[in-house]
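K.L.:
Quick one: structure below, then a few questions.
The values are calculated or read from the model by the stated rules, or taken from the named source; none is laboratory data. Everything numeric in this text was worked out from a predicted model, so none of it was measured. When we count neighbours, we look across all protein chains shown, and the Cβ atoms used for this are built from the backbone with ideal geometry, even at glycine. The accessibility values were calculated without ligands, DNA or RNA, using every heavy atom of the protein model including side chains. Shrake-Rupley method; radii C 1.70, N 1.55, O 1.52, S 1.80 Å.
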Amino acid sequence: MSVLVGHASIDENKNIKGGQAGDQTGKEVCIREWWNKPWNVMVRFKDPKMAEKVAQCMENAAKNNNIGYSQSTRNSLLNEARKHNYDVSKVNVPCNCDCSSLVSVACMYAGIPESSLTLNGNCAHTRNLRAMLSATGKVDIYTTIPYLANSSRLKRGDILIKEGSHTCIVIKTENDVVKKTAEEVAKEIIQGKGGWGNGTERRINLIDAGYDPNEVQNIINSMLKVVKTEDTAKYIWDYLMIKIGNPFGVAGLMGNLKAESNLNPKNMQNSYEKKLGLNDETYTVAVDNMVNRNFISDGVGYGLAQWTSSGRKKALYEYRGNKSIGDLVMQLDFLYYELTHSYKTVYHALKSARSIKDASDIVLTKYERPKDQSDAVKTYRAKLSLEIYQKYN
């Protein structure tokens, strides 16, 4: 199988400067077979989804004859692509690029900030492209012969550079990955691998990759052995052990959740039941059916963690997608998302905790943060955490 790369090559007059705007020959920006330039740098994105977007951008550029080659006006593509969030397929005004400015725009489309790949409005060139990409922390750099002198180790979305000369993007390789089974994807999701995300983001990513989100979720539920309501605590323990991996940390977190909601994902803050004339079930149904349109701002603690502030309740509400606001798995996914994005200090402390008390205290003071954080409250929550540890570890 041929290995293919995409690049901006040369203008209609076979010169590097002075060409008209746009691709006059259909070959100024094109896809061709890999060749040994020779290259001296190979750049690989750590996130496969970013690599895929880089490759897609190059393919789209090769199809769009509004994009031509000229070093004289190499930044005009950036100026046009910026108007379309760097989606070059939407560029509808003739413009030009050179090899490195095109690669720069492809990286911007993948999520690298424009400021990381430009200096005074000028895109990176082949002499500084490696350094500028490396500085983002999003890539690995390879400079050894096995990655450069032949194409056997290349992957789609890799960037090849001969510094001071040329650069291109790998489009098709001998190592194109065979599509994973739904079971393999489900295992990745459970293990927090693959970048599939959670909630609505996961559904979109699965659909984009050709999977049925409902099928994958059913497999996940089966793998995690989702069972009866009375076994909720055991399910939560198993889920969090997969995500956190430290029984002290999991127990410390669950003890706090038990204190907050008794591990009931539909739990409505008790002090509001009489005031609103609702209970756990009726409040949940009202939110699901949009009868209660004040969920975000009503100040009522809700769910496993008793989310209360408008910011956190808004995030929970948007995260749920088409699931009930009281769905256990959705809330666990959201809790894990919060820990790994907004509460990273707590997450890492739970993974490395050496005692149940330490884990319980940091959840109380840094994640739940109730008004009463007294020693008596700390002792009580640590006691609940110990009971959970003794029952499920």
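K.L.:
Just the accessible area per residue of the chain, please: how many Å² with a 1.4 Å probe?
P.N.:
Result: 48 Å² per residue.
K.L.:
Additional query: Under 17 Å between alpha carbons, and skipping anything fewer than 8 positions from Lys383 in its own chain: which lysines qualify?
P.N.:
Filter leaves Lys258, Lys357, Lys391.
K.L.:
Which order do you get for Tyr389, Tyr211 if you rank them by accessible area with a 1.4 Å probe, largest at the top?
P.N.:
The ordering from most to least exposed comes out as Tyr389, Tyr211.
K.L.:
With everything on Cα atoms, drop me the angle between helix 199-208 and the longest principal axis of the chain, reported from 0 to 90° to the nearest 10.
P.N.:
It works out to around 40 degrees.
K.L.:
Would you calculate, for the chain, the mean residue ellipticity at 222 nm contributed by helices, counting each DSSP H stretch of 4 or more residues as -39,500 (n - 2.57) and dividing by all residues, to the nearest 500?
P.N.:
That comes out to -13000 deg cm²/dmol.
K.L.:
Report, in listed order, any pair from Lys314/Lys366; Lys17/Lys46; Lys180/Lys234; Lys53/Lys314; Lys351/Lys378 with a Cα-Cα distance greater than 27 Å.
P.N.:
Check vs 27 Å cut-off fails for Lys17/Lys46; Lys180/Lys234; Lys53/Lys314.
K.L.:
So if we plug the beta-carbon distance of Ser310 and Lys193 into 1/(1 + (r/R0)^6) with R0 = 41 Å, what FRET efficiency do we get, rounded to 0.05?
P.N.:
The value I calculate is 0.80.
K.L.:
Here is a follow-up. What trypsin sites (Lys or Arg not before Pro) in the range 227-336 are in a loop by DSSP, with at most 16 other Cβ atoms within 10 Å of the Cβ?
P.N.:
Answer by residue number: Lys228, Arg293.
K.L.:
Evaluate the distance, in nm, between pseudo-label points positioned 7 Å from the Cα of Lys344 and of Asn65 along their respective Cα→Cβ axes.
P.N.:
4.7
K.L.:
Based on the Kirkwood radius over alpha-carbon pairs, what is the Stokes-Einstein translational diffusion coefficient of the range 288-372 at 25 °C with 0.890 mPa s viscosity, in µm²/s?
P.N.:
This corresponds to a translational diffusion coefficient of 177 µm²/s.
K.L.:
Relative contact order for the chain: what percent, with Cα pairs under 8 Å and sequence separation of 6 or more?
P.N.:
Once divided by the residue count of the chain, the mean separation gives 14 percent.
K.L.:
If the viscosity is 1.306 mPa s and the temperature 10 °C, what translational diffusion coefficient in µm²/s does Stokes-Einstein give for the chain when Rh comes from Kirkwood over Cα pairs?
P.N.:
Answer, rounded: 66 µm²/s.
K.L.:
Report, to the nearest whole %, how much of the accessible area of the range 32-90 belongs to carbon and sulfur atoms, 1.4 Å probe, protein only.
P.N.:
44
K.L.:
Could I ask something else about it? Below 17 Å, Cα to Cα, which aspartates and glutamates can Lys155 reach? Residues fewer than 8 away in the same chain don't count.
P.N.:
Within the straight-line limit of under 17 Å, Lys155 reaches these aspartates and glutamates: Glu33, Asp47, Glu52, Glu59, Asp140, Glu174, Asp176.
K.L.:
Relative contact order of the range 73-177: what whole-number percent is it, with Cα pairs under 8 angstrom and at least 6 residues apart?
P.N.:
The normalised contact order for the range 73-177 reaches 22 percent.
K.L.:
Rounded to a whole number, what % of the accessible area of the range 278-352 do carbon and sulfur atoms account for, probe 1.4 Å?
P.N.:
53
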